[in-house]
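Asks: Dumping the structure here so I can ask a few things about it.
Every read-out reported here was derived from the displayed coordinates using simple, explicitly stated rules and does not represent laboratory data. This is a predicted model, so every value here is computed, not measured. So basically every Cβ, Gly included, is an ideal-geometry build from the backbone, and we count neighbours across all protein chains shown.
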Amino acid sequence: MVSGRSLVDLKERVNLPDIAYAGDHGLEISGPGFRHIPQEAEEFRATVAEIGEALEAALKGIPGVIFEHKGLSMSIHYRLAPLDQRTAALRTIRRVTKRYLDRDAVRVVKGKEVVNLLPPVDWHKGAALRWLLDLLDSMPRRVGGILPIYIGDDVTDEDAFMAVRESGFAVRVGRPKPTSAAPYYVKSTTEVEEVLQALLENSRSLGIPAHQH
């Protein structure tokens, strides 16, 4: 499970034991018997806390802006802000983060009505996915090998699409988008559920034990 949510939040929402979680855009990876956080990301905690404090002070006059503090990163959601104030919110975010960007102290990534403040390291959902696939490759090979399938709907999922498309299936949720790295798509989260159900039923028909799903 790879998500932009914090690892703690992700685990609480999914609440499935014995699976691998990659929270905070892949910065925090945790699973049965392993845990991984890039050292550079760990060192970013103090910087992102400092930026977050400055942003909350600068944006306090704009209603509907939500600050999501994740420890290793931060997300500023503006989907609930009035339409006529979103441009001002984005302008303020650019102003506050500029001095950190100028010295490569932060990486700013825009998503769907959200701005993500990430450590200035070459680590993202795609890097986390490759790390997990390498870990699986180091384990005793299961019958049939490993077929990765990545399904996502955000701009930050594009790195993971790139990482998986050569060895598995990258599936985008939403309308077809020629610029996306995902060669396949489903129209909605409802169709995601249908795809997962079909995969589960197919694996059962092949006699694959439930713990290998």
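Asks: Given labels modelled 7 Å from the Cα in the Cβ direction, how far is it in nm from residue 40 to residue 188?
Replies: 4.1 nm
Asks: May I pose another question? Tell me, what ³J(HN,Hα) does each residue in the stretch 47-52 have, in order and in whole Hz, if you take phi through Karplus 6.51 cos²θ - 1.76 cosθ + 1.60 with θ = phi - 60° and put x for Gly and Pro?
Replies: So the Karplus estimates, Gly and Pro as x, are 5, 5, 5, 5, 5, x Hz.
Asks: Please report, in Å, the Rg and the Dmax of the chain, where both are computed over Cα atoms only.
Replies: Cα-based Rg and Dmax for the chain come out at 18.8, 59 Å.
Asks: Extension gain residue 105-residue 66, at 0.36 nm per residue separation less the Cα-Cα distance, in nm?
Replies: Contour length minus the Cα-Cα distance gives 11.8 nm.
Asks: Given the options 96, 115, 14, state which has the largest fluctuation in a GNM of the chain using a 10 Å cut-off (strictly under) for Cα springs.
Replies: So, out of 96, 115, 14, the one fluctuating most is 14.
Asks: Within the stretch 1-96, list the trypsin sites (Lys or Arg not before Pro) lying in a DSSP loop whose Cβ has at most 10 other Cβ atoms in a 10 Å radius.
Replies: Hits after loop and neighbour filter: 60.
Asks: Related question: Provide the FRET efficiency to the nearest 0.05 for the residue 98-residue 155 pair, computing r from the beta carbons and using R0 = 30 Å.
Replies: 0.90
Asks: Now for a different question. Just want to confirm a number: the relative contact order over the stretch 42-118, from Cα pairs under 8 angstrom separated by 6+ residues, in percent.
Replies: Relative CO of the stretch 42-118 lands at 31 percent.
Asks: Shifting gears a bit: Can you give the Kirkwood hydrodynamic radius for the stretch 147-207, in Å, rounded to one decimal and based on Cα pairs?
Replies: 12.0 Å
Asks: Continuing with this model, one more query. For the chain, set up a GNM with springs between Cα atoms under 10 Å and report which of 139, 162, 74 has the largest fluctuation.
Replies: Looking only at 139, 162, 74, the largest GNM fluctuation is found for 139.
Asks: Tell me the Kirkwood radius of the stretch 42-118: reciprocal of the mean inverse pair distance over distinct alpha-carbon atoms, in Å.
Replies: 12.4 Å
Asks: If you don't mind, there's one more thing I want to ask. Looking at the stretch 39-184 only, what percent of DSSP beta bridges run antiparallel? Nearest 5 please.
Replies: 70 percent
Asks: Let me ask something else. Taking GluC sites (Glu not before Pro) as candidate sites, keep only those in a DSSP loop with at most 15 other Cβ atoms within 10 Å, then name the longest stretch of the chain containing none of them.
Replies: Counting only loop sites that pass the neighbour cut-off, the longest clear stretch is 44-112.
Asks: What nm distance separates the two modelled labels at residue 122 and residue 86, each placed 7 Å from Cα along Cα→Cβ?
Replies: The two pseudo-label positions are separated by 3.4 nm.
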